[in-house]
Amino acid sequence: MFTNSKIGIGIESSCDETSIAIVEAGKKLLSLRIYSQIESHAPYRGVVPELASRSHLEKINLLLEECLDEAKIDWKEIAYIAVTTHPGLMGSLMIGAQLARCISLVHSIPIVPVNHLEAHLAVVSLENEVPSFPWLGVLLSGGNSSIYRYSDWGNLSLLGDTMDDALGEAFDKVSALLDLPYPGGPVVEKEALRFTKELQTRNVSLFPKLLKESPDDKIEFSFSGLKTAVLYHVKGRPKEDLDIPKICHDFQKTSFELVTRNISKAVKNTGIRTVVCAGGVLANSTLREELEMVAKRQDWTLLYPSKKILCTDNGAMIANLGFYLWQKGFTAPINFKVSPKRNLSQTTI
């Protein structure tokens with residue numbers, strides 16, 4: 001279908017959020033709908049793949065209709081359909097992929113395959129002028145704790161990764177150890193904020209510095225040791241004897257120190273002084289403050305989504321990145337594949 005429009009639809013169904021968005025020229029958000037499955041998965045303290053894919057199937061068409069109504073646009077105004085193709089849960093990815101295929105077949109609109117991880121980093125361009133490449137991309141979420149060199153749309157290379165747990169996963173596990181609700185991120189942050197200097201009785205952290213022997217030329221994350229330290233601290237103690245605000249505060253302080261240390265290493269090692277941080281953990285206000293202080297002290301530019309909703313999985317980030325990939329000619333045939341694997345480079349499928 002020929003169109004002069006720059007409006008695209010973004011479809012996100014990689015895990016436990018179903019989301020559709022409509023974005024114009026990669027910048028103007030015309031509509032966004034997100035259905036969170038947290039209540040469905042909370043009893044299991046983690047995502048159940050079968051429940052996730054079933055929920056996507058039940059909600060995705062309704063969200064599409066709501067987005068089209070809110071944006072007040074017709075199908076002939078849609079130039080491309082961006083859809084998450086990797087990584088993610090296979091069953092969940094297939095729901096979004098089938099919707100994209102149906103739209104493409106009925107309305108003759110090209111499909112743009114999108115790397116979910118890259119989309120998290122690219123979404124800062126929805127709120128800011130696009131920074132000059134290369135950037136450093138820092139992704140902190142339930143499944144990822146990684147730093148990338150982001151050289152161009154569709155061109156990422158991995159500089160450092162987690163050796164075990166991702167930071168968001170560690171939040172969930174600590175929350176479970178403290179008998180706090182799922183997901184762990186918001187509730188651990190809330191408890192940590194209750195621990196103020198006025199209430200502080202001792203300055204020594206409960207938990208040791210992470211990866212303190214890690215060489216300056218190596219970027220790596222590991223949070224399993226910190227999770228184990230929390231386990232041993234609470235083991236055998238009644239909950240009423242635990243200083244939960246201090247435990248949460250020291251957990252955050254210790255884990256965030258590793259994050260800022262690795263970013264500082266990446267800046268020093270690459271000479272790249274623009275750092276884009278993204279992912280669900282970036283909704284944490286304390287982490288944002290820590291990053292701002294380090295960026296100011298070390299004189300590098302920090303960008304992250306100002307709207308916390310854009311830190312979560314959402315269709316806006318898919319439509320946003322889809323626009324730039326569409327401009328570069330990255331499109332997929334109707335029989336494109338989805339994959340749970342984390343591909344680091346975007347290619348025509």
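The values are calculated or read from the model by the stated rules, or taken from the named source; none is laboratory data. Treat the numbers as computed from the prediction; the structure is a model and nothing was measured. Here the Cβ positions follow ideal geometry from the backbone for every residue, glycine too, while neighbour counts run over all protein chains shown. Just the protein is used for accessible areas: all its heavy atoms, side chains included, with ligands, DNA and RNA removed. Shrake-Rupley method; radii C 1.70, N 1.55, O 1.52, S 1.80 Å.
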Which is open to solvent by 60 Å² or more (accessible area, probe 1.4 Å), out of contact with any Gly (no Cβ under 8 Å at 6 or more places or on another chain), of a type in the set (A, V, I, L, M) and within 20 Å of T312 (Cα to Cα), of L29, L64, L51? L29
Got a sec? Which of K227, K235 is within 15 Å of G184 (Cα to Cα), open to solvent by 40 Å² or more (accessible area, probe 1.4 Å) and of a type in the set (D, E, K, R)? K227
Which of (1) farther than 30 Å from V204 by Cα; (2) open to solvent by 10 Å² or more (accessible area, probe 1.4 Å); (3) not in a helix (DSSP H, G or I) does L302 not meet, given it meets every other one? (1)
Just one listed residue, out of S132, S157, S104, is surrounded by fewer than 18 Cβ atoms within 10 Å (Cβ to Cβ), polar (S, T, N, Q), over 15 Å from the mean Cα position of the chain (by Cα) and outside any loop (DSSP other than H, G, I, E, B), and it is S157
Quick count over segment 265-285, residues being out of contact with any Pro (no Cβ under 9 Å at 6 or more places or on another chain) and open to solvent by 30 Å² or more (accessible area, probe 1.4 Å), is 5
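Can you report the number of residues in segment 170-186 which are open to solvent by less than 30 Å² (accessible area, probe 1.4 Å) and either under 18 Å from the mean Cα position of the chain (by Cα) or modelled with pLDDT under 95 (or both)?
Counting residues in segment 170-186 that are open to solvent by less than 30 Å² (accessible area, probe 1.4 Å) and either under 18 Å from the mean Cα position of the chain (by Cα) or modelled with pLDDT under 95 (or both) gives 4.
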State which residue pairs qualify: first residue in contact (Cβ under 8 Å) with a residue 40 or more places away in the chain and among the small types (G, A, S) and inside segment 100-111, second residue open to solvent by 50 Å² or more (accessible area, probe 1.4 Å) and not in a helix (DSSP H, G or I) in any location, beta carbons under 8 Å apart, and separation of 6 or more residues or different chains. S104/I334; S108/M1
If a residue counts only when it is more than 25 Å from Q327 (Cα to Cα), which strands (runs of 3 or more DSSP E) contained entirely in segment 5-80 have at least 2 such residues? 17-24, 28-36
Looking at segment 72-93, which of the residues that are out of contact with any His (no Cβ under 9 Å at 6 or more places or on another chain), in contact (Cβ under 8 Å) with a residue 60 or more places away in the chain and open to solvent by 10 Å² or more (accessible area, probe 1.4 Å) is nearest to S36 (Cα to Cα)? L89
